[in-house]
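Reading through the structure tokens given below for one structure.
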Amino acid sequence: MSKSQSTKNTQNVSQSNAELSNEKQELHRLIESQREYFSSGITLPVSWRKAQLKKLYASIKKHEADIFQALKNDLNKSEYEAFTTESGFILRELSHHLKCIKKWSRTKKIRGDEAYKPAKYNVITEPFGVTLIASPWNYPFLLSFQPLVSALAAGNTAIIKTSEYSPASNKVIEQIVSETFPPEYVSVVQGGYIQNQLLLHEKFDFIFFTGSSRVGKSVMEAAAKTLTPVCLELGGKCPCIVEEDAPVAVTARRIVWGKFLNAGQTCVAPDYILVHESKKQALIKALEDEVFIQYGENPLTNEDYPKIINSKHFSRLFSMAPDASADPASNKIAPTILDLGSIDSSNATTHPSMKEEIFGPILPVITYTELDEALDFIRRLPVPLSLYLFTRNKLTQKRIVSSMRFGGGCINDVLCHLGTSKIPFGGCGESGMGMYHGKYGFDTFSRRKSILIQSHRRDRKLRYGPHKKISWTIRLFFR
């Protein structure tokens, strides 16, 4: 290497380090400005919070066409799918919070214990402070704004870190946020690994992360260094059990809809099917028929069929199913059913599609003869985010719900448990911790402060020294 080249490389490294240092300082200033804004108390009044949520609602409505176009660019989502799985969900979540936030925010008065009478107890709901919301690329609007709604309703400030894989959506997200809120209240940070690390080295009051288990571990490790509480919404291999009494046609219709929505790039999509051997052939035939009905003879030419987010993920998925119909130019892989044989075959555990979460339009089908076999198979894998069961048998339904560990799920349906604000959504074990949606999201972004209010009028002498023995009067308070 010549001296001039060496000097040039040194200058480039110095410039890169300087840029990194500047970005680190800018992020730190942003977080500190949010901390100062929160400390001013402006975010605390419920009326003020409701006003902010109404502004967000109006902005999302205003930019609806931009949202649709961005999702078309990033994932080739149709307007129907963009609305029903992203912007429509956010608007409904906003409406639910606006309706209930006053009730959720009330101080709860608790009846006091005999030992401390006439004291009164209050439980106050308060925000954490400055929060970080790290969102993924597969549902970029939904998974950025849905937790944001809960964060703002609870009275926090927020920084949204978007995924570098969804640039068109990120641009619109940032536009909506910057037009609606000052940066010291809500701000968007774009970028990749470097920006993620810079943020994780800062001190937040709460971190909400949606993404893979691998990255989730890094987030939790970084949060542990500053004892920052976290909510992790991760993923995993979500099983779908089809018992021998399940009606094949409607079962297949619902599975195909849920599995191939967003081209399978959904953390709660059925990852694999465990079907009773007596129904295998009928189910596979019904699944193939439903793919034809819902996506046409050639899904790759269906303008509304989503694409894989990028070539890296396309290659990973295609390596799992090299016989799948695929188009690398458009990053599309057609819905693909894989018959992996029986549960005790080597394919059931060694096939590439069974070694990791698929997160794409590939659906392995495995047969079992006894339900216990299927349940033992699931238990040997990490705890899934969701579990789906198709059966008419009430005893089987009760048995599986009560004996299996999973985040949440459906009986005789898929995905729909996360479509309402009235029940919580969250993982368990390797699939995450914490929950949100509706009041559960508000609670996740809030903490409870307990207050005892004592009177000066009465003062029990029993608790004060000197103490000689445990009297019968004291024992009465500890029954």
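The values are calculated or read from the model by the stated rules, or taken from the named source; none is laboratory data. All figures in this text were calculated on a predicted structure; none of them were measured in a lab. A quick note on method: Cβ atoms are made from the backbone with ideal geometry, for glycine too, and the neighbour counts reach across all protein chains shown. When the accessible area is computed, the model is the full protein with side chains, heavy atoms only, and any ligands, DNA or RNA have been set aside. Shrake-Rupley method; radii C 1.70, N 1.55, O 1.52, S 1.80 Å.
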Return a yes/no flag: does region 141-163 have any residue that is part of a loop (DSSP other than H, G, I, E, B), open to solvent by 10 Å² or more (accessible area, probe 1.4 Å), in contact with a strand residue (DSSP E or B) (Cβ under 7 Å, 6 or more places away or on another chain) and not β-branched (Val, Ile, Thr). no
Do you know which residues across region 335-351 are of a type outside the set (Gly, Ala, Ser), open to solvent by less than 60 Å² (accessible area, probe 1.4 Å) and in contact with a helix residue (DSSP H, G or I) (Cβ under 7 Å, 6 or more places away or on another chain)? 335, 337, 338, 340, 343
Just wondering, is there one or more residues in region 247-266 that are part of a loop (DSSP other than H, G, I, E, B) and either closer than 24 Å to residue 440 by Cα or hydroxyl-bearing (Ser, Thr, Tyr) (or both)? yes
Would you check if residue 66 is part of a helix (DSSP H, G or I), under 30 Å from residue 259 (Cα atoms), modelled with pLDDT of 95 or more and open to solvent by less than 60 Å² (accessible area, probe 1.4 Å)? no
For region 180-193, check the following and say yes or no: at least one residue is assigned to a helix (DSSP H, G or I) and on the phi < 0 side of the Ramachandran plot. yes
Looking at residue 395, is it of a type in the set (A, V, I, L, M, F, W, C) and open to solvent by 90 Å² or more (accessible area, probe 1.4 Å)? yes
Residues of region 401-428 being part of a loop (DSSP other than H, G, I, E, B) and either touching a Lys or Arg at 6+ places or on another chain (Cβ under 7 Å) or buried (at least 21 other Cβ atoms within 10 Å of the Cβ) (or both), which ones? 406, 407, 413, 414, 415, 421, 427, 428
Could you list, ordered by first residue, the pairs with Cβ atoms under 8 Å in which the first is in region 455-479 and over 16 Å from residue 116 (Cβ atoms) and the second is surrounded by 10 or more Cβ atoms within 10 Å (Cβ to Cβ) and not hydroxyl-bearing (Ser, Thr, Tyr), at least 6 apart or interchain? 471/462
Tally time: how many residues in region 36-63 are open to solvent by 60 Å² or more (accessible area, probe 1.4 Å), in contact with a strand residue (DSSP E or B) (Cβ under 8 Å, 6 or more places away or on another chain) and under 30 Å from residue 194 (Cα atoms)? 0
I need every pair where a residue in region 248-271 that is closer than 17 Å to residue 75 by Cβ has its Cβ under 8 Å from the Cβ of a residue that is of a type in the set (D, E, K, R) and buried (at least 23 other Cβ atoms within 10 Å of the Cβ), sequence separation at least 6 or different chains. 262/77; 267/233; 269/259
From 98, 132, 91, which residue is open to solvent by less than 10 Å² (accessible area, probe 1.4 Å) and not in a loop (DSSP other than H, G, I, E, B)? 132
Only residues that are touching a residue at least 60 places away in the same chain (Cβ under 8 Å) and either part of a helix (DSSP H, G or I) or more than 30 Å from the chain's Cα centre (by Cα) (or both): list them for region 283-341, please. 283, 284, 287
Check whether at least one residue in region 58-79 is free of Cβ contacts under 8 Å to residues at least 24 places away in the same chain and over 25 Å from the mean Cα position of the chain (by Cα), and report yes or no. yes
